[in-house]
Amino acid sequence: MLNKQHYPFSLPDLEYPYNSLEPIISEMTMKLHHDKHLKAYIDKLNDILKDYPEFHGWTLEKILSNLYTFPENIRINVRNNAGGVLNHIIYFNIINPNKVGKEPINITKAIINKYSNMNRFLTEFKIKSNQMFGSGYVFLVINKNNELDLISTPNQNSVYELNLYPLFLIDLWEHAYYLDYNNRRDEYINNFIKIINMEKLEERYLKYFDY
Ligand SMILES: [Fe+2]
């Protein structure tokens with residue numbers, strides 16, 4: 001799901017029960033992460049944009065692809081909070097435990113083309129995720145040459161700023177894992193790969209190429 005909302009943004013429902021990712025991610029973490037953290041980014045973004053009607057028709061993708069158009073006094077806050085909203089929407093979408101009925105043939109082929117095999121891809125993803133210092137994300141993206149790439153960004157920065165299309169991401173902020181894993185971030189990363197919904201990934205991949 002890509003979020004086509006514009007101002008005023010509202011909290012999308014989680015499309016599956018809060019406890020459905022247990023034991024990898026607990027119900028408590030999901031509730032806090034979705035209902036409190038994502039909600040806070042939405043509220044802050046609406047508050048920042050309320051006095052700027054010229055941006056009220058803009059989607060999150062458009063905002064993040066055109067940050068330079070925002071007045072300097074709000075630009076960093078727009079970046080942090082619009083990024084915070086869209087990154088989380090992608091995160092909750094890609095760990096959706098529901099089947100969507102699309103065999104992940106095309107994304108699997110693209111991963112094998114780039115990384116030789118799935119294990120090598122996952123190994124590179126885990127290495128990059130473990131290298132993250134502080135809070136941020138590791139994204140699987142489609143780059144300007146229509147190839148896959150792994151990109152890390154600090155804070156809530158979005159890859160839309162870099163003209164890259166996000167296929168999936170891992171949230172490496174402590175709020176994503178600390179209740180369940182404490183300081184064992186490597187264990188969270190190892191478990192996260194088990195809950196990536198490959199069918200959702202295929203859906204996002206096909207949407208990019210508009211098959
Ligand atoms: Fe988060």
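Please treat every number below as a calculation from the coordinates, not as lab data. As the structure is a computational prediction, the values presented were derived from the model and not from experiment. For neighbour counting, all protein chains shown are included, and Cβ atoms are generated from backbone atoms with ideal geometry for every residue, glycine included.
The label point for Asn130 and the one for Ala40, both projected 7 Å from the Cα toward the Cβ, are 3.0 nm apart. Taking all Cα pairs closer than 8 Å and separated by 6 or more residues, the relative contact order of the chain comes to 25 percent. Annotation note: chymotrypsin sites (Phe, Trp or Tyr not before Pro) in segment 45-120 located in DSSP loop regions with a Cβ neighbour count of at most 10 within 10 Å are absent.
Placing a label point 7 Å from the Cα of Lys109 along the Cα-to-Cβ direction, the residues of segment 134-178 with a backbone N closer than 18 Å are 142-143, 146-149. Using alpha carbons only, the radius of gyration of segment 27-94 set against its Kirkwood radius gives Rg/Rh = 1.01. Just so you know, the averaged projected area of the alpha carbon convex hull for the chain sits at 11.4 nm². Partner lysines whose Cα lies under 29 Å from the Cα of Lys39, excluding those fewer than 8 positions away in the same chain, are identified as Lys4, Lys31, Lys50, Lys62, Lys99, Lys126, Lys128, Lys194, Lys200, Lys207. The value obtained for segment 1-126, namely the Cα convex hull volume divided by the number of residues, is 142 Å³ per residue. Amide hydrogen proximity for Leu169: with H placed 1.01 Å from N in the peptide plane, the residues at 5 or more positions away or on another chain lying under 5 Å are Leu140. Separation of segment 178-210 and segment 90-148, taken as the distance between their Cα centroids, equals 8 angstrom. With the charge dipole of segment 1-149 set up from +1 on Lys and Arg Cβ and -1 on Asp and Glu Cβ about the Cα centre, the Cα lying farthest toward the positive end among the listed residues Ile63, Val100, Asn113 is that of Asn113. Note on the chain: GNM, Cα springs under 10 Å; of Glu54, Glu22, Glu161, the largest mean-square fluctuation is that of Glu54.
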